[in-house]
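Asks: This structure is in structure tokens; I'll ask about it shortly.
The values are calculated or read from the model by the stated rules, or taken from the named source; none is laboratory data. None of the values given here were measured: they were computed from a predicted structure. Every residue, glycine as well, gets a Cβ built from its backbone with ideal geometry; the counts of neighbours run over all protein chains shown. Note: accessible area is taken over every heavy atom of the protein model, side chains too, but ligands, DNA and RNA are not part of it. Shrake-Rupley method; radii C 1.70, N 1.55, O 1.52, S 1.80 Å.
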Amino acid sequence: MPSMDSISRGLVLDSLKEYAKRRLPYDLIRDLDQANEFPAEILKEMYDPAVLGVHLLMIPEEYGGVSGGTYDICRVCEALARIDLGIATGVFATFLGTDPVNVGGTQEQKNKWLNKIAKENLMVAYAATEADAGSDLINLRTRAEHVVKNGKIAGYRITGNKQWISNGGVADLYTVLAMAPGGPSWFIVERNMEGFAPNKHEDKHGIRLSNTAALALDNVYVPVENLIGLEEGKGLLQAQAVFGYTRLMVAAFGLGAGWEALEQAIRYSQQRIQAGGPLSDKQGYTHKLIVPHAARLEAARAYIEYTANRLDGGEHGLQTEGAIAKYSATENGNKAAEDAIQALGGYGYTRDFPVEKIKRDIKITCIYEGTSEIMEMTMYRGRWQEHLKSRGRYYLDMADEMDKLHSSVHDCGAYAAGLALRALGAVI
Ligand SMILES: Cc1cc2nc3c(=O)[nH]c(=O)nc-3n(C[C@H](O)[C@H](O)[C@H](O)COP(=O)(O)OP(=O)(O)OC[C@H]3O[C@@H](n4cnc5c(N)ncnc54)[C@H](O)[C@@H]3O)c2cc1C
């Protein structure tokens with residue numbers, strides 16, 4: 001996907017910041033968090049093109065969207081996460097729910113559904129997870145049975161239960177993964193279809209402004225045109241195809257929320273006087289609670305941008321890179337938020353200061369869209385394959401490049417990186 005030019009992207013980011021400043025003061029966010037309330041009106045406004053039209057980013061121009069590139073979407077995700085990760089999740093769920101159509105839909109399906117999502121500002125949900133199928137989606141129990149009329153498949157009857165679905169209780173449209181006779185497949189389910197019932201809004205540890213609900217599907221009839229791609233058995237491949245890209249968005253959530261917590265700590269450290277001076281003057285404080293997090297988050301940002309630029313340049317897949325970006329940004333963001341509470345001392349432990357909420361919110365980024373342990377497995381598997389394909393040269397070639405860089409630019413860290421890469425190559 002092509003990227004927006006920097007002026008257009010800047011305008012989108014500025015509008016988002018200005019909207020949040022005007023409509024989402026921290027007091028309101030804190031009250032909604034305590035009340036466990038999904039801010040339906042806010043999300044509606046954010047989807048409205050006259051206000052922000054944030055859902056249009058994921059939709060190509062020919063279907064009424066604005067064709068945001070991966071880099072653009074990551075920047076918006078980072079900005080959303082700095083406002084509130086629950087609200088960010090309400091937007092992300094629509095991005096994610098739209099993806100199976102974007103990736104696997106036929107031309108006709110894209111025409112119909114993407115145009116509808118864009119024009120009617122539909123809220124979408126992505127329903128893959130089940131009680132016994134989280135990390136291990138192949139365990140999926142939801143079934144889609146053929147409905148045959150005049151000797152032809154006319155549609156499907158879907159029966160099963162989905163778990164932890166973002167926007168589950170509030171979406172207009174759902175992309176649902178179900179086991180068809182030909183294998184796992186995505187189906188488009190509309191909220192008003194008979195037999196479809198969302199469950200109650202979950203009472204969660206964090207992202208309490210995001211609606212999360214289980215879904216019950218009892219013999220829900222969908223016409224054959226709602227089978228995404230009109231071919232059974234492609235569901236897991238279609239889900240896999242976008243992981244490099246969707247995990248980058250969650251990485252941007254970790255980056256945004258982590259930096260928001262860190263900046264709160266930095267501001268506090270400049271004002272809080274202890275032992276005769278501000279905390280920001282004390283190395284025991286800054287070099288433990290601030291500096292390491294700033295370095296780790298900026299390294300994660302560099303990797304997110306590197307991967308986004310490769311995807312925008314037309315490369316496909318990049319699941320391992322997506323996993324590296326998600327793992328480093330979310331784990332480091334989570335640690336930064338944890339230390340931001342420490343940096344504010346007793347005040348950080350109260351609900352009056354946003355760091356307490358950010359810490360609760362950010363934990364989900366290490367869980368949804370693939371847990372950190374699944375990211376570790378993905379990285380190990382991907383890099384092991386590269387190691388075998390290159391006959392052991394994968395890390396050694398990178399080390400050679402670092403050595404070359406070191407010979408022209410001395411103090412950039414390339415020498416140490418080269419040594420580390422050689423060690424990694426030797427270990428593997
Ligand atoms: C707030 C929220 C919103 C969500 N939104 C959505 C959504 O919109 N759509 C959707 O489809 N899903 C959604 N999910 C589901 C989410 O993606 C899953 O919870 C996640 O993938 C983990 O699955 P699980 O909860 O079944 O945990 P499990 O898979 O049971 O994992 C439990 C633990 O075991 C570890 N583990 C599992 N397998 C392995 C392994 N092979 N090796 C090592 N460790 C392993 C995991 O890392 C984890 O620590 C959401 C979840 C939450 C909590």
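Asks: If r is the Cβ-Cβ distance from L388 to R191 and R0 is 51 Å, what FRET efficiency results, to the nearest 0.05?
Replies: Numbers: r = 47 Å, r/R0 = 0.92.
After rounding to 0.05, the efficiency reads 0.60.
Asks: Show me, for segment 411-417, the HN-Hα J-couplings you get by feeding each phi into the Karplus relation (A = 6.51, B = -1.76, C = 1.60, θ = phi - 60°), rounded to Hz, glycine and proline as x.
Replies: Taking θ as phi minus 60°, the curve returns 8, 9, x, 5, 4, 5, 4 Hz for segment 411-417.
Asks: Right, here's the next one. Rank D136, D339 by accessible area, highest first, at a 1.4 Å probe radius?
Replies: Per-residue accessible area, sorted high to low, gives D136, D339.
Asks: HN-Hα J couplings of segment 349-362 from phi, Karplus 6.51/-1.76/1.60, θ = phi - 60°, integer Hz, Gly and Pro as x?
Replies: 8, 9, 6, 6, 10, x, 4, 4, 6, 4, 4, 5, 5, 5
Asks: How large is the dipole of the chain about the Cα centre if only Lys and Arg carry +1 and Asp and Glu carry -1, each at its Cβ, rounded to the nearest 20 debye?
Replies: Around 440 debye, computed over the chain.
Asks: List every residue whose amide H lies under 5 Å from the amide H of A125, counting only residues 5 or more places away in sequence or on a different chain, with H placed 1.01 Å from N in the peptide plane.
Replies: Under 5 Å from the amide H of A125: L173, Y174, T175.
Asks: With +1 assigned to the C-beta of every Lys and Arg and -1 to the C-beta of every Asp and Glu, and no other charges, what is the dipole magnitude of segment 129-203 about the Cα centre in debye, to the nearest 20? Each step should come with its number before you reach the end.
Replies: On the way: 8 positive and 9 negative charges, 81 e Å.
Result for segment 129-203 is approximately 380 debye, rounded to the nearest 20.
Asks: Provide the solvent-accessible area of R30, counting protein heavy atoms only and rolling a 1.4 Å probe, rounded to the nearest 10 Å².
Replies: Solvent-accessible area, nearest 10 Å²: 60 Å².
Asks: Let me ask something additional. Probe 1.4 Å, all protein chains in place: accessible area of E338 in Å², nearest 10?
Replies: For E338, the solvent-accessible surface is approximately 110 Å².
Asks: To the nearest 20 debye, what charge dipole does segment 242-385 have about its Cα centre, counting +1 at the Cβ of each Lys and Arg and -1 at the Cβ of each Asp and Glu?
Replies: Working: 17 positive and 17 negative charges, 56 e Å.
So the magnitude is around 280 debye.
Asks: Let me ask something else about it. Apply the Karplus curve 6.51 cos²θ - 1.76 cosθ + 1.60, θ = phi - 60°, to the phi angles in segment 330-339 and return the couplings in whole Hz, x for Gly and Pro.
Replies: My calculation for segment 330-339 gives 7, 5, 6, x, 4, 5, 4, 5, 4, 6 Hz in order.
Asks: Follow-up question, since we're still on this one. Amide H of G53 versus every other amide H placed in the peptide plane: which residues, excluding those fewer than 5 positions away on the same chain, fall under 5 Å?
Replies: Close amide H contacts, sequence-distant or interchain: Y47, D48.
Asks: Then there's this: Taking +1 at the Cβ of each Lys and Arg and -1 at the Cβ of each Asp and Glu, which of A214, G169, P60 sits farthest along the dipole of the chain towards its positive end, judged by Cα position relative to the Cα centre?
Replies: It is A214.
Asks: May I pose another question? Which value does Rg/Rh take for the chain over its C-alpha atoms, Rh per Kirkwood?
Replies: Details: Rg = 22.8 Å, Rh = 22.9 Å.
Rounded to two decimals, Rg over Rh is 1.00.
Asks: Any idea what the relative contact order of segment 248-342 is, in percent, if you count C-alpha pairs under 8 Å spaced at least 6 apart? Let's see the in-between values first.
Replies: Numbers: 101 pairs, mean separation 49.5, N = 95.
Once divided by the residue count of segment 248-342, the mean separation gives 52 percent.
Asks: Another one. Once ligands and nucleic acids are excluded and a 1.4 Å probe is used, how much of K363 is accessible, expressed in Å² to the nearest 10?
Replies: K363 has an accessible surface of roughly 80 Å² with all protein chains in place.
Asks: Where does each of R22, R267 land when they are ordered by accessible area, with a 1.4 Å probe and the largest first?
Replies: On the way: R22 140, R267 110 Å².
Per-residue accessible area, sorted high to low, gives R22, R267.
Asks: Still on this structure: Quick one: which residues, 5+ away or cross-chain, put their amide H under 5 Å from the amide H of Q163? H built at 1.01 Å from N.
Replies: T129, E130, A131, L215
Asks: Across segment 197-268, how large is the tail of the calculated P(r) beyond 18 Å, expressed as a percent of all Cα pairs? List each step's numbers first, then the result.
Replies: On the way: 1785 of 2556 pairs.
For segment 197-268, the share of Cα pairs beyond 18 Å comes to 70 percent.
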